[in-house]
Amino acid sequence: MKSTIVLVALISCIFFNIANGNDEYQVYLTTGDQSKKLSHEAPCRVTSSHNGYSVWVDRRKRRQTIDGFGAALTNSAAYVIYHSPVRQQILQDLFGNGDNDLGVSYIRLPMGCSDLNAVQPYTYNDIPNGQTDFSLNQFSIDKDRAFVIPVIKEALSINPTLKIMATPWSAPAWMKNNRNLNGGDFVDSWNYWQTYAQYFVKFIEAYKAEGITIESLTLQNEPLLSRNDYPTMKMSAGQQQAFIRDHLGPLFRQRNIHTKILVFDHNWSDSWYPEQVISDGNTKQYVSGVAWHGYSGRHDAPGVFHGKLSDVGMYFSEISGGSWDTNFASILTWDTRIIFIGQTRNWAKSVLLWNIALDQNHGPKVANLGGCNDCRGVITVQNNYYNKNAEYYALAHMSKFVKPGAVRLESNYVSWDDLRTAAFVNTDGTTVIVVSNPNSSKSATFSLDIDAKHYQYNNLPPQSVVTFVK
Ligand SMILES: *[C@@H]1O[C@H](CO)[C@@H](O)[C@H](O)[C@H]1NC(C)=O
Ligand SMILES: *[C@@H]1O[C@H](CO)[C@@H](O)[C@H](O)[C@H]1NC(C)=O
């Protein structure tokens, strides 16, 4: 009797699944009007008839492998997270993989200084003015131990596969001709470059001793920029090329260091720079990729670059939101269209925003530090709570669902004013399709056309983004 009931239940379940197909995509929606934020909607089911736009995905056309999504753990970001009474909750949200978590898989770590420092900018080899330290005897990451490393360790305990991209804003002052972290140039001579290569190795090894792996390294943040009010250092394409070829590349190989070397780390508008750096095959052999910032130029520059040099990885490493735009719908739309969909469609293996967290005053920043004074973090931490900004949702539509190791699948580009799409398959076989409707006035009706089937989706509201998962 009992077994008959079980059998009947089993058969009806199988029948139900065949009838229903159980063939549906889970739907997560964020709307420009903020009425839905990562809202888990009714599933999108397979249909026989379809109307509206066609969003097609071609599984046979496999593109780049994804390394991860996230933002920068600047000194200010680490400080504000570390000192928050809700630190654990924040870190779980940012780095966790649960239903309510953002699922950040990649962060960028400034090496001691940037324009977003809560404490006085520093490097790992600050010595009295007038001295040199070619053997790096006074090298130390102690200042990172105050709150940066503790935050990284807590993040790693939540997500042990979290990747880190490290970036210096300046070499130690004694290695520069102006003896200052702000502005100035590197002393362009062999023994200084040789020491600077050792400096990167010591940094990677010191972090390794803390149990923290540095996945990738850019050699200089914004190498075309020089400013006298915060740490910057110009590095020409010729210098970057020679430094990798003659010093850093061979040293990494000799020391068995697998940290990926990424070149450039500046605007889309200056793609001549990374082209020049890797035009020398002896340099290129050590280079894993090119890092891009989105402050000027066309957002398809990495795709154009890939068209010429397809064996070099594309990495999007920085763009910030700030008080110049506080409109949720416009931020969500731009970040989704140009950055998350835009960059992955243009071959980016990772997409990183600037500060992962800041306080309500665009800081905390130490006094008299120039650079960005109106930047906004992915979250804003204030007293004993924190807010999720539009950047959080734009990031979440990818970071929660598209995991490291995922492969992008070709999908169509409906039109400039209408739908933008990106599709991925995760290592566990789940398919993720992100669709943005950037139009400010009209809803979009479309079907997902994949695996020779149609899944109808009606009325994606203006300036909204939807992620489909199956
Ligand atoms: C690139 O980005 C920086 C931000 O660091 C900006 O100040 C600069 O003007 C941009 N470069 C160009 C060529 O527009
Ligand atoms: C939105 O759609 C309308 C109607 O088709 C069109 O006129 C407009 O140019 C589109 N673009 C934006 C950015 O709203």
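The values are calculated or read from the model by the stated rules, or taken from the named source; none is laboratory data. Everything quoted here is computed from the prediction, not taken from an experiment. Here Cβ is always computed from backbone atoms with ideal geometry, including for glycine, and neighbour counts include all displayed protein chains.
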Test result for N355, buried (at least 21 other Cβ atoms within 10 Å of the Cβ), away from ligand 2 (no atom under 16 Å from the Cβ) and not hydrophobic (A, V, I, L, M, F, W, C): yes
Any hit, the range 330-342, residues being outside any helix (DSSP H, G or I) and at pLDDT 95 or above: no
The range 393-429 - residue that is among the hydroxyl-bearing types (S, T, Y) and over 22 Å from D99 (Cα atoms) and, of those, farthest from the chain's Cα centre (by Cα): S415
Per-region count, the range 171-212, residues part of a loop (DSSP other than H, G, I, E, B) and out of contact with any Lys or Arg (no Cβ under 8 Å at 6 or more places or on another chain): 9
Qualifying residue in the range 385-392 (condition: more than 20 Å from S330 (Cα to Cα) and either in a loop (DSSP other than H, G, I, E, B) or modelled with pLDDT under 95 (or both)): no
Residue in the range 436-458 that is in contact with a helix residue (DSSP H, G or I) (Cβ under 6 Å, 6 or more places away or on another chain) and either crowded, with 23+ Cβ neighbours inside 10 Å or not basic (K, R) (or both) present: yes
Any hit, the range 390-404, residues being away from ligand 2 (no atom under 16 Å from the Cβ), over 30 Å from Q120 (Cα atoms) and hydroxyl-bearing (S, T, Y): yes
Residue within the range 360-371 that is touching a Pro at 6+ places or on another chain (Cβ under 9 Å) and more than 16 Å from ligand 1 (Cβ to nearest atom) present: yes
Residue that is among the polar types (S, T, N, Q), in contact with a strand residue (DSSP E or B) (Cβ under 7 Å, 6 or more places away or on another chain) and without any contact (Cβ under 8 Å) to a residue 12 or more places away in the chain, where the choices are N459, N437, N373, N387: N387
Meets criteria (within 16 Å of ligand 2 (Cβ to nearest atom), assigned to a loop (DSSP other than H, G, I, E, B), over 17 Å from the mean Cα position of the chain (by Cα) and free of Cβ contacts under 8 Å to residues at least 40 places away in the same chain) for D311: no
Residue identified as within 16 Å of ligand 2 (Cβ to nearest atom) and modelled with pLDDT of 95 or more among L409, L419, L460, L448: L460
